[in-house]
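The values are calculated or read from the model by the stated rules, or taken from the named source; none is laboratory data. All of these numbers come straight from a predicted model, not from anything done at the bench. Please note: Cβ atoms are built from the backbone with ideal geometry, for glycine as well, and neighbour counts cover all protein chains shown. Each accessible area value is taken on the protein alone, full model and side chains, heavy atoms only, with ligands, DNA and RNA left out. Shrake-Rupley method; radii C 1.70, N 1.55, O 1.52, S 1.80 Å.
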Amino acid sequence: MKVFSYPKALNELKFHYCPGCTHGIAHRILAEVLEEMDLLDRAIGVGSVGCSAYIYEHYNFDFIQAAHGRASSVATGIKRVYPDRIVFAYQGDGDMAGLGLGEAIHTAGRGERITVIFINNAVYGMTGGQMAPTTLISQKTSTTPRGRDPESAGYPLKLLDMMAVLEGCVFAARASLTSPKNVLKAKEYLRQAFQYQLENKGYSIVEFLSACPTNWGLEPVKALKYIDEVMSKYYPPGIIKTVSPLQRL
Ligand SMILES: Cc1ncc(C[n+]2csc(CCOP(=O)(O)OP(=O)(O)O)c2C)c(N)n1
Ligand code: SF4
């Protein structure tokens, strides 16, 4: 029987996110997976900019904050100095697919032994809901009030799929944080991503389709529906890439 308990990795500081924001769910499952895999003594997180900029305030293990778009590079440096630690970066789509795209791709290309948690809510949340590289066609944002038009704003980047074609990337999976079933899937993918790092296989990444009800102008439940019915069509959840079998899960 599983008894509910508060994750050891999290302290008691309340999350500051808007109602219905799924950053909190991502934080929680990260805590649970690290605890379940017995990695709390070895984990080092790297935060980025955006609404999750204060992520380091919430955990009871080592965390550092990187400047705009640089989290994958900072994680690389830490992992190279401390190869026995489990190092991950937590980056939003604005931070990773926009501000730090070059560094993010080269990190995957080099096959750095880090894990990236990529939170895709299809907008620059913290700064007012501007269009991000991942904003969907026709999606309304504060800078595309009539909806993203590919004629002028191009097409959304499928960052995960771009990473997956690189040889250095050994695991890429996408989950949506919309229901208990999908959250369990997200946990499973995160567990596999860390396992690849433990086995020193290469770069691993999980993308979580995440809700930003505030900037989407949707109530929380409708925002989750938007992920399932609209966003998941363009960014289908599932394992995009997995190489060599894992030893144990
Ligand atoms: C006016 C302004 N422009 C740009 C920045 C730089 N900046 C900080 S956070 C951010 C957006 C981050 O978006 P994302 O990574 O998607 O994270 P989210 O807030 O959606 O979780 C930007 C562009 C800033 N702080 N202020
Ligand atoms: S603005 Fe969006 S991403 Fe930021 S806390 Fe609010 S709902 Fe979450």
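What are the semi-axes of the equivalent ellipsoid of the chain, taken as the square roots of 5 times the eigenvalues of the Cα gyration tensor, listed largest first and rounded to whole Å? Walk me through the intermediate numbers first.
On the way: eigenvalues 140, 85, 59 Å².
With the √(5λ) rule applied to the chain, the semi-axes are 26, 21, 17 Å.
Quick one: Cα convex hull volume of region 101-249, Å³ per residue? Can you show the working numbers first?
Working: hull volume 16.0 nm³, N = 149.
Once divided by residue count, the hull of region 101-249 is 108 Å³.
So what is the 222 nm mean residue ellipticity for the chain from helices alone, if each DSSP H run of at least 4 adds -39500 (n - 2.57) and you divide by all residues, rounding to the nearest 500 deg cm²/dmol?
Values: 8 runs with 74 residues, N = 249.
Mean residue ellipticity at 222 nm (helix-derived): -8500 deg cm²/dmol.
Please give the peptides 178-184, 61-67, 94-100 ranked by average Cβ packing (other Cβ atoms within 10 Å per residue), highest first, as a rough proxy for protection. Don't jump to the answer; show the numbers that get you there.
Numbers: 178-184: 15.0, 61-67: 17.4, 94-100: 26.3.
Most protected by this proxy first, the peptides run 94-100, 61-67, 178-184.
Taking R0 as 25 Å, what's the FRET efficiency between Lys225 and Thr127 from their Cβ-Cβ distance, rounded to 0.05?
0.50
Amide H of Ile239: which non-local residues (sequence gap of 5 or more, or other chain) have their own amide H closer than 5 Å, using H built in the peptide plane?
Correct list: Arg174.
How many nm separate the modelled label positions at Val243 and His68, each set 7 Å beyond the Cα in the direction of the Cβ?
In this crude label model, Val243 to His68 measures out at 3.4 nm.
Summing +1 for each Lys or Arg and -1 for each Asp or Glu, what net charge is found among the other residues whose Cβ lies under 11 Å from the Cβ of Leu10? Before the final figure, lay out the partial values.
On the way: positive: Lys8, Lys14, Arg28; negative: Glu12, Glu32, Glu35, Glu57.
Local charge sum for Leu10: -1.
Roll a 1.4 angstrom probe over the protein heavy atoms and tell me the percent of accessible area of the chain that is carbon or sulfur. Could the numbers behind the result be given before it?
Values: 6390 of 11360 Å².
Answer for the chain is 56 percent, counting heavy atoms of protein chains only.
Using Cα pairs closer than 8 Å and at least 6 residues apart in sequence, work out the relative contact order for the chain, in percent.
Details: 518 pairs, mean separation 47.2, N = 249.
Here the relative contact order equals 19 percent.
Label region 28-120 by shape, choosing from rounded, prolate and oblate, from the square roots a ≥ b ≥ c of the eigenvalues of the Cα gyration tensor; if a/c is under 1.5 it is rounded, and otherwise prolate applies when a/b is larger than b/c, oblate when it is not. Before the final figure, lay out the partial values.
On the way: a/c = 1.82, a/b = 1.25, b/c = 1.47.
Cα axes put region 28-120 in the oblate bin.
For the chain, with every protein chain kept in place, what is the accessible area per residue (1.4 Å probe, Å²)?
On the way: 11360 Å² over 249 residues.
With the other protein chains kept in place, the chain gives 46 Å² per residue.
Work out from phi, with θ = phi - 60° and the Karplus expression 6.51 cos²θ - 1.76 cosθ + 1.60, the ³J(HN,Hα) of each residue of region 14-29, listed in order in whole Hz, and give x for Gly and Pro.
With coefficients 6.51, -1.76 and 1.60, one gets 6, 5, 9, 5, 5, x, x, 5, 9, 4, x, 5, 4, 4, 5, 5 Hz.
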